[in-house]
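The values are calculated or read from the model by the stated rules, or taken from the named source; none is laboratory data. These numbers were taken from a predicted model, which means no experiment stands behind them. Glycine gets a Cβ as well: all are built from the backbone with ideal geometry, and neighbour counts include every protein chain shown.
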Amino acid sequence: MLKEKSNLILQLHKGLDICITVAAFIGAYYIKKDLLPDPFQGLTTAPNYYTVLFLTIIIWYIIFGVFDLYGSFRKQSFTQILWKVIKAVACGVVLLNFVLYLLKIFDVSRIMMGIFFVINVFLISLSKGILCKILAHFREKGFNFRNILIIGGRERAKDVIDAIGERLGAGYNVIGCLGLDGDEIGKSVKNGIKYIGTLSELKDILQREVVDEIIFTIPLNLIDSAAKHIATAEELGVSVRIIPDWQIHRLMYKPGNARIQIEDFLGIPTMSFTSSPVEKGEILIKNVLDYLCAVILFVVCLPFFLIISILIKISSKGPIFFKQERCGLNGRKFMVYKFRTMLGDAEKQREILDIYNESDGPVFKISKDPRIMPYLGTFLRKTGFDELPQLINILKGEMSLVGPRPPIPSEVENYDFWQRRRLSMKPGITCLWQCSPKRNDIRFKDWMKLDLKYIDNWSLKLDFQILFRTALVVFTGQGR
């Protein structure tokens, strides 16, 4: 559960808006001073406009936060954002004039302030509009989509489907609806969206399908054991939204990990239960750092890639890279890349070696695996250099530098239900388990608990701590 409140990316966003505001103020000053036709051209030497600008920066910084200009663009239209900008700047101008009056700073040009208002609204709206367009373009191309499962199929469900259909750029995709009656399965709800099961099948569907969010559109008084279904989603780390109704007080469920929020979903008020780190400033800056670090590390490590590739080819027959299907965020399948550290027929020998498995869970692990290439394979595993090709997975957006390790699908099939919540965060190259003392002796359930501990306590500070501790593991050769 996300507990840190640093909001770093929000401060950067505010910083950009303040820079735009300063540019608008300076532009308005010189337009009034030099560019307007007579008799409107010119400014007096008093008051001190540096003081006015300083006050503007302070007031605008506060006002932008008060008017919530930094909510997720996914969940609001550009018209809503534009209206917030106009209200914020207008309120800022009024408040600035009030402060100037209290400080007895008079004779500030009203024409200049009017020009400043227009330029400020235009430039801030333009910057946010460009960002909205860029994000919407990538979402319409299929990037950064969130899969929605709707509970219900009547009018409120149709309203949600319509809202999503009208805002493809918001990045939501409805995979289907669940009803209360099994006779509805296969029937159309709206816009090609069908009933794919009943509410009683929720647990199985969440394990089978890639679901990022659930929206309850059925009044809660019509649902038996509503708390049980919400708890099921929470255990997997799937966010839950509830279209509010007058029966909301009947829900006595108290989440163990989830955080309850009332949020606007494309103009529809919903109640959200989120038990994984929310997509706010810290997650955004984590993603930015992932891409930046992956690019830098990839360039720096290119000579090592070449050397390791040559050594692998010399050491044994077979490909340089080992590719394997893994499960990512909420069960998304992808191919993970590693340097090959085993002999060519390693997979065929796996069944023979199963009796020597030292893990007490669904993963396979033995201390002296005979399939590992002598010397080179052992070295790559001990140092963790075999994981370097996963920088490619980070650049593809499938992995992060820090996060729970991506499991293979067969392991996930054998998870206990509570263990599946480790899939609620993007997988990483390293995490708490990788840098734990005697990590290879940790029981499987304790490993899973470490991953859930990471998710529940995630912060940028924790990521940096894990990266530092992982570097120590690499340099001391504690891997296997």
Can you work out which of the residues in the stretch 369-397 that are part of a helix (DSSP H, G or I) and of a type in the set (F, W, Y) is farthest from G428 (Cα to Cα)?
F379
By residue number, the members of the stretch 148-180 that are over 19 Å from E263 (Cα atoms), touching a Phe, Trp or Tyr at 6+ places or on another chain (Cβ under 9 Å) and modelled with pLDDT of 85 or more are G152, G176, C177, L178, G179
Quickly run through the stretch 218-239 and pick out the residues that are more than 15 Å from F273 (Cβ to Cβ) and crowded, with 22+ Cβ neighbours inside 10 Å.
I218
Residue list for the stretch 206-223, restricted to those being part of a helix (DSSP H, G or I) and over 28 Å from the mean Cα position of the chain (by Cα)
L220, N221, L222
Would you mind stating whether V108 is part of a helix (DSSP H, G or I) and out of contact with any Lys or Arg (no Cβ under 7 Å at 6 or more places or on another chain)?
no
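Residue check: is L82 more than 18 Å from F265 (Cα to Cα), in the same structural domain as F40 (by TED's automatic domain parsing), of a type outside the set (D, E, K, R) and surrounded by 15 or more Cβ atoms within 10 Å (Cβ to Cβ)?
The answer is no for L82.
Could you tell me whether K203 is part of a helix (DSSP H, G or I), basic (K, R), more than 20 Å from M425 (Cα to Cα) and under 28 Å from the mean Cα position of the chain (by Cα)? Outline the logic, then answer.
On the way: part of a helix (DSSP H, G or I): yes; basic (K, R): yes; more than 20 Å from M425 (Cα to Cα): no; under 28 Å from the mean Cα position of the chain (by Cα): yes.
Criteria not met by K203.
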Filtered residue count, the stretch 150-170, keeping only those that are surrounded by fewer than 21 Cβ atoms within 10 Å (Cβ to Cβ) and assigned to a loop (DSSP other than H, G, I, E, B):
2
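Just a yes or no: is a residue in the stretch 134-143 in a helix (DSSP H, G or I), exposed (fewer than 13 other Cβ atoms within 10 Å of the Cβ) and within 19 Å of the chain's Cα centre (by Cα)?
Within the stretch 134-143, the subset in a helix (DSSP H, G or I) is 134-140.
Still in the running and exposed (fewer than 13 other Cβ atoms within 10 Å of the Cβ): 134, 137.
Checking the rest, the ones that are also within 19 Å of the chain's Cα centre (by Cα) come to 134, 137.
Within the stretch 134-143, one or more residues are in a helix (DSSP H, G or I), exposed (fewer than 13 other Cβ atoms within 10 Å of the Cβ) and within 19 Å of the chain's Cα centre (by Cα).
Suppose we filter the stretch 311-338 for residues that are under 30 Å from L206 (Cβ atoms) and assigned to a strand (DSSP E or B); how many remain?
Within the stretch 311-338, the first condition is being under 30 Å from L206 (Cβ atoms), and the residues that meet it are 323-338.
Then keep just the ones that are assigned to a strand (DSSP E or B); that gives 323-327, 333-338.
So the count comes out to 11.
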